[in-house]
1. Return yes or no: is residue 87 surrounded by 10 or more Cβ atoms within 10 Å (Cβ to Cβ), at pLDDT below 85 and under 30 Å from residue 127 (Cα atoms)?
2. So residue 144 passes all but one of these: (1) surrounded by 11 or more Cβ atoms within 10 Å (Cβ to Cβ); (2) at pLDDT below 85. Which condition number does it fail?
3. Of all residues in segment 115-126, count the ones that are modelled with pLDDT under 90 and assigned to a helix (DSSP H, G or I).
4. Could you please let me know if residue 59 is assigned to a helix (DSSP H, G or I) and within 27 Å of the chain's Cα centre (by Cα)?
5. Given the conditions (1) in a loop (DSSP other than H, G, I, E, B); (2) free of Cβ contacts under 8 Å to residues at least 12 places away in the same chain, which single one is not true for residue 111?
């Protein structure tokens, strides 16, 4: 019975004229092309959505990073407010930092300042940079002052004219 059905369907295709078969094939081809075009359109839309979501993810990642930095800054500010009771000690440390001329001594005070002021790593790096620059400048100015005093003393011992005071400037 199964072979009987196959024979009928194949005989029905044979019974149809060729132009009808060609039209059937052409209609099927058009339907498949339309489906292909719809699928291409959906693919383009999906690709656009993917690109938009990737850009959105990048933007959101940047926002997360900025917000995390802001949260850390606020936490440091809150910790600073809690440690305000040590204000006198902090004042003395800051004054000492400004007054000290040795770079080494200033660098030793930086961890204390970082702890008390809850400084960020960037702020700590800036403080180290300032301590090194100012310390070397202070060391240089001390050396220059001692050299000036030595030259003034030798000039004063050699002559007592007004020109001997010019080297002090």
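The values are calculated or read from the model by the stated rules, or taken from the named source; none is laboratory data. Computed from a predicted structure; not experimentally measured. Glycine gets a Cβ as well: all are built from the backbone with ideal geometry, and neighbour counts include every protein chain shown.
1. When the stated conditions are applied, residue 87 passes them.
2. Result: residue 144 fails condition (1) only.
3. The qualifying residues number 3.
4. yes
5. Of the numbered conditions (1) in a loop (DSSP other than H, G, I, E, B); (2) free of Cβ contacts under 8 Å to residues at least 12 places away in the same chain, the odd one out for residue 111 is (1).
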